[in-house]
Every structure is written in structure tokens, then in C-alpha cells.
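Report on one structure; see the data block that follows.
Values in this text are rule-based calculations from the coordinates and carry no lab data. Because the structure is a prediction, the values reported are computed rather than measured. Here the Cβ positions follow ideal geometry from the backbone for every residue, glycine too, while neighbour counts run over all protein chains shown.
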Amino acid sequence: MKPTNTFFILIFTICCFNVASAQYGGGYGGYNNGYGGGYGRGSGMGMDRSMMAGPQSAPSKPKEIPVEETAAKVVEQMKPEVKLDELQVIAITNALVDSMKEQGILLKNESTSQDEKMEQIKALRESTNKKITAFLNPDQVEKYTAFMANFKEIKKDKSKKKKDSKDKKEATEEEKTIKAEE
């Protein structure tokens, strides 16, 4: 009886070793030394490293800058030129934030045409200017008007530079194409 028990124990041990060896990378494509070695594209439980990184998304559009931040930047530029005190800074910042939020809502409204949106934005801009000038004394109103005129010019110059740089980029690409064709 003893030799039979020993024989069965030996067979059982060999089978267990074979299963354990396969599970830890010793069998079935015994390279990669790890769980699931040889299964799937990579190593490690049949998963590829790219699968562990999480879902890959397409390039997203740039993050929108919060209106509070934009309004704060405008008021910071305005503060030394118009000589605003701290109370005026807070009040004008709040007026600009409200205006920018309203403008965003108007622009996202798909039920109105472009012309209607432009009229609504123009009316909103006039209303905002009235609110802001209500916080200023007469001397500051003149400085504010000059600042806004200068601010609009700066914006136009920036958009013009962007347009010019796009045109230059396209021209450079066209030149490269022509040279490549020659």
C-alpha cells in the first residue's frame, strides 16, 4: 500500500507543479516571467501597458479661461491708467464678470441669427459701459474712454498679427511645396 500512496503523491505533486509553473510564466510561452506570460500583447495578467494607462481620448479643445480671471486681468490693466481705488476695482470687476457671462450665453444661443447676436452684444456692451461709468468720477470717465479705445486697438493688432502669422505660415508651406515639385 505504501508504494501506491507514494506513487499517487508523486503524480499529484508533478501535476500541481505543472499548473503553478504555467500560471507564473513557466509554461505556455514561458518567457516574460509573470502572470499571464505569453498571453495577449504584453506582460502582466494579459494586459498591455497602454491598457493600464486608462482610456485614450482624442486631443481636446483648449481649456476655457474663467470669466472672473479675464475680468480681473482687464481691471488690473485699467487700474493704473484710470486710477481706480479698491472699491471701484471690485465693483467694475463684478460688472465685467456679469457682462462676460451674459455675452457667453448670447453667443451660445443657437435660436438667434448672427445679426441678432451682434445687436444684443452691442446693447450689452453699452449697458456694461454705463454700469462701469456709474462707478467713476468725471475725470476717470475720460481716462476710461481713452483706455477702452486703446484696449480695442490692442485687440485689433493682436488679431491682425495672428492673421498675418497664419498667412506667412501658409505662404511658407506653399514655397516648400513649389520647391519640392521642382
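Taking 7 Å along the Cα-to-C-beta vector as the label spot, tell me the Asp85-Thr145 distance in nanometres, rounded to one decimal.
2.4 nm
Do the alpha carbons of any pairs in Lys108/Lys131; Lys79/Lys117; Lys83/Lys108; Lys63/Lys83; Lys63/Lys130; Lys108/Lys130 sit beyond 26 Å of each other, and which pairs?
Values: Lys108/Lys131 24 Å; Lys79/Lys117 30 Å; Lys83/Lys108 35 Å; Lys63/Lys83 32 Å; Lys63/Lys130 31 Å; Lys108/Lys130 24 Å.
Check vs 26 Å cut-off fails for Lys79/Lys117; Lys83/Lys108; Lys63/Lys83; Lys63/Lys130.
Calculate, for Gln114 and Ile154, the FRET efficiency according to 1/(1 + (r/R0)^6) with r their C-beta to C-beta distance and R0 22 Å; round to the nearest 0.05.
Numbers: r = 25 Å, r/R0 = 1.13.
The pair Gln114/Ile154 has a calculated efficiency of 0.30.
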